Amino acid sequence: MHRPCSIALFIALSLCAHAEDAPTAGHETHGATNATAAGTAVEPKEDMFISLDPSAPKTVKLIIIASYNAMNYGMNFNGFAKGGAKYVVPQGWNVVVNFTNNSPVPHSAIVVERTSVKKIQMGDPYFKGASTPSPLRGTTGKAGVEFRFTAEEPGEYAIACGFPAHSANGHWIGFDVSATQEKPSLRFGENAPVLAK
Ligand SMILES: [Cu+2]
């Protein structure tokens, strides 16, 4: 209990320290579908975060929102942490990720091997191009950044936060590349996977 608690406390204190840097109220950007500073959020539904690109073959668009709500001290993507959500993408598909961060605390997204989620510091993304810019530093803001990559190799990966120690504290969700599944999907918790449309 002691070690995770002290890490969690540290993160919580960091959040408090950063709160003073938060943008002033009334500056909410358009199109935000979810969280507020208070941490209340629309309950996440799978189809809000995955869709097929109608203009490009074998291309899936993922919406990844860091600090979607207050869960896990804000160290969540789309309201899930510790692998509680999982994307599956067929091998060879193109993946376009739109990343935004609801929190004034920096977060990032980087695709790593599932076995790497406990690392304090992430290295390079597993697939070329598969991270937000400067994942160690992270970004803030709802303006968002986009990155794209090709899911070339089947396996079990994670979309992790590259900000030091965040992933080790649960800021990651699952990302599998499948050699057999024909359509991308997203699963939240114990729900059945939802196919991209
Ligand atoms: Cu993070």
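The table for this structure:
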quantity: Where a residue in segment 93-116 is more than 18 Å from residue 72 (Cβ to Cβ) and its partner, wherever it lies, is away from the ligand (no atom under 16 Å from the Cβ) and among the polar types (S, T, N, Q), with Cβ under 9 Å and at least six apart; calculated: 93/59; 93/150; 94/59; 94/150; 95/59; 95/150; 96/59
quantity: Residue pairs meeting the criteria (Cβ under 8 Å; at least 6 apart or on separate chains; first in contact (Cβ under 8 Å) with a residue 60 or more places away in the chain and closer than 17 Å to residue 90 by Cα, in segment 44-65; second assigned to a strand (DSSP E or B) and basic (Lys, Arg)); calculated: 50/61; 51/61; 52/61
quantity: All positions within segment 139-197 that are of a type outside the set (Val, Ile, Thr), free of Cβ contacts under 8 Å to residues at least 60 places away in the same chain, more than 20 Å from residue 123 (Cβ to Cβ) and within 16 Å of the ligand (Cβ to nearest atom); calculated: 141, 144
quantity: Some residue of segment 100-108 being surrounded by 18 or more Cβ atoms within 10 Å (Cβ to Cβ), under 20 Å from residue 88 (Cβ atoms) and either of a type in the set (A, V, I, L, M) or modelled with pLDDT of 95 or more (or both); calculated: no
quantity: Strands (runs of 3 or more DSSP E) within segment 57-148 that include 3 or more residues acidic (Asp, Glu); calculated: none
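This table checks each residue for (1) surrounded by 15 or more Cβ atoms within 10 Å (Cβ to Cβ); (2) more than 18 Å from residue 83 (Cα to Cα); (3) over 13 Å from the mean Cα position of the chain (by Cα); (4) of a type in the set (Lys, Arg).
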{"site": "125", "(1), (2), (3), (4)": "yes, no, yes, no"}
{"site": "129", "(1), (2), (3), (4)": "no, yes, yes, no"}
{"site": "152", "(1), (2), (3), (4)": "no, yes, yes, no"}
{"site": "157", "(1), (2), (3), (4)": "yes, no, no, no"}
{"site": "162", "(1), (2), (3), (4)": "yes, no, no, no"}
{"site": "165", "(1), (2), (3), (4)": "yes, no, yes, no"}
{"site": "172", "(1), (2), (3), (4)": "yes, no, no, no"}
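The values are calculated or read from the model by the stated rules, or taken from the named source; none is laboratory data. Only a predicted model underlies this, so the values are computations on that prediction, with no experimental measurement involved. Neighbour counts run over all protein chains shown; Cβ positions are idealised from the backbone, glycine included.
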